[in-house]
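Inspection log for the structure reproduced underneath, given as C-alpha cells.
FYI, it's all coordinate maths here, none of it is from the lab. This is a predicted model, so every value here is computed, not measured. Note that we place each Cβ from the backbone using ideal geometry, even for glycine, and neighbour counts take in every protein chain shown.
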Amino acid sequence: MVKINCTTKDSIKITEVIAFQGSLKKRTDADLNELKESLLNEGLMMPFAVWKHEGKNYLLDGHGRKEVLMRMAGEEPELLSVDWPCVYIEADTEADARKALLQITSSYGKITKQGYKQFCVSIPDYKAPSISKFVSKPTSNVKVKAKSDKTVMKIRVSNDRIEQVREIFKQFDFIEVL
C-alpha cells in the first residue's frame, strides 16, 4: 500500500480522473519503475491537480503517479478505492486548462550538481531517482583520505581552473583551502 504523505480538503479516486496532457511527456518503463519505488518508499508527497469541467475530472498534474498506481492496482485492487488527495485548478476554458497544465509542469530553474550536493549534505545516502541521475558520479581525479581527525581531499584541476575551484570552496564553512 502507498502511504499518503500530503493532505488537502479534497480527494478523488484515480479511476475518476481523465488524462489531459496527451503525449506532452514521455515516460519510459524505467521512469515508471523509479516512480513506483518512490511511491512505495516515500509515499505520495503531492496531491493530484484536477480541472473539473462539464462534470468530468481532467488530470492536469499526476499522470505518472496515476499510471503507476493503476499498474499497481493489478496486484493491489484496493488502490482503486482509495481517496487520493487532490487540488482543483480553476480554468474557464480548455485553453486555460492547457495553460495551467504547462504552468504546473514548467520548471523555472535548474537543479545544479553543486546545489544538489549542498542541499543533500544532511542526507548523503538518499538518492532521489528522478534527480540524482543528473548528478555526476565522483571522478577518479578526486581523492578523499581521512587522516586522524581531518579529512583531506585532493583534486586535480588544470591551472586555469584553480581560482574557480577556490571560489566554489569558499561557499562552504567547513572546507579549508591549503
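Charges at C-beta only: +1 for Lys and Arg, -1 for Asp and Glu. How large is the resulting dipole of region 8-80 about its Cα centre, in Debye rounded to 20?
With only Lys, Arg, Asp and Glu charged at Cβ, the dipole is about 320 debye.
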Check your understanding: By per-residue mean of other Cβ atoms within 10 Å, what is the highest-first order of 9-17, 45-53, 74-82?
Key -> 45-53, 9-17, 74-82
Exercise for review: Provide 155, 123 in ascending order of the number of other Cβ atoms located within 10 Å of each residue's Cβ, fewest first.
Suggested key: 123, 155
Revision key, fill the gap. Most exposed first, judged by fewest Cβ atoms within 10 angstrom, 116, 126 run 126, 116
Exercise for review: Could you calculate the FRET efficiency of residue 103 with residue 46 from 1/(1 + (r/R0)^6), where r is the beta carbon distance between them and R0 is 22 Å, rounded to 0.05?
Suggested key: 0.90
